Amino acid sequence: MDFKQFDFLHLISASGWEHLAEKAWAFGLNLAAALLIFLVGKWAAKRIVAVMRAAMTRAQVDATLISFLGNVANIGLLILVIIAALGRLGVSTTSVTALIGGAGLAVALSLKDQLSNFAAGALIILFRPFRVGDFIRVNGFEGYVREIKMVQTSLRTTTNEEVILPNSVVMGNSIVNRSILPLCRAEVVVGVDYNCDLKVAKEAVLKAAVEHPLCVQNEERQAAAYITALGDNAIEITLWAWTNESDRWTLQCDLNEQVVENLRKVNINIPFPQRDIHIINS
């Protein structure tokens, strides 16, 4: 090897090292910038989520919904920060976004029922069709609301049984909330003989409610007795009495007993179905 060939190889080697050093320096700068983007973005995401949580707390949003929405927002913001950091490193964000989107679609399809329960739970907590402790009837079940979660609602029935309903089922059916209004109505239907004095019968039936301490009487709600049907065997009298929801069942049972006693005191018969049979001899 002569001197000129050695000098040429030396120049090539020096140029290669300089190029490699430039690449390493550029990569180091990009890596530092990506780390800075990630750290600053993570801090910013944390601050945004904290502000969002504080705003929902001031708006008196349910704590469960605050936690759920806060976690979702935090994950979404972190994904955006990671994509931005990878883009600074030169990674194709289009492929990363497509990968995340595909994974999200696969998860959504596999958990579609649970996601619908999550959405229904968010609507229950947000719009408050009922609260914990309310007595509701939904999907053929009735009881006191014991717990509201993001995916399910549990009821405690009057027979002390726990019924767990998916939130999508709860929001997909009609909800009857008997606790949302202060008063509820107890109702007693009794039949009296066609030969009785209807005025006396109605007074006896109404007296059962008026004299009961749990019956609420005010300008808007008054106990009342009406003739509601002319049956085959009896005249039906319907008694309406208003009370608090917590006392409804007690009042209902007491009225059933007291109505019978009051009718007996005034000698009014409560008839039962009767049939006349005529036998014809050939």
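The figures follow:
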item: Answer residue from the range 178-208, given it is among the β-branched types (Val, Ile, Thr) and part of a strand (DSSP E or B) and is most open to solvent (accessible area, probe 1.4 Å) among those; result: VAL189
item: Residue count, the range 124-139 (criterion: more than 28 Å from TRP249 (Cβ to Cβ) and either surrounded by 15 or more Cβ atoms within 10 Å (Cβ to Cβ) or in contact (Cβ under 8 Å) with a residue 60 or more places away in the chain (or both)); result: 2
item: Among residues of the range 213-268, those that are closer than 29 Å to PRO182 by Cα, part of a helix (DSSP H, G or I) and of a type in the set (Lys, Arg), counted; result: 1
item: Residues of the range 140-172 classified as under 27 Å from SER67 (Cβ atoms) and surrounded by 14 or more Cβ atoms within 10 Å (Cβ to Cβ), total; result: 21
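The values are calculated or read from the model by the stated rules, or taken from the named source; none is laboratory data. What you see is a predicted model, and the numbers here were worked out from it, not measured in a lab. Virtual Cβ from ideal backbone geometry, glycine too; neighbours counted across all protein chains shown. Only protein heavy atoms, including side chains, enter the accessible area calculation; ligands, DNA and RNA are left aside. Shrake-Rupley method; radii C 1.70, N 1.55, O 1.52, S 1.80 Å.
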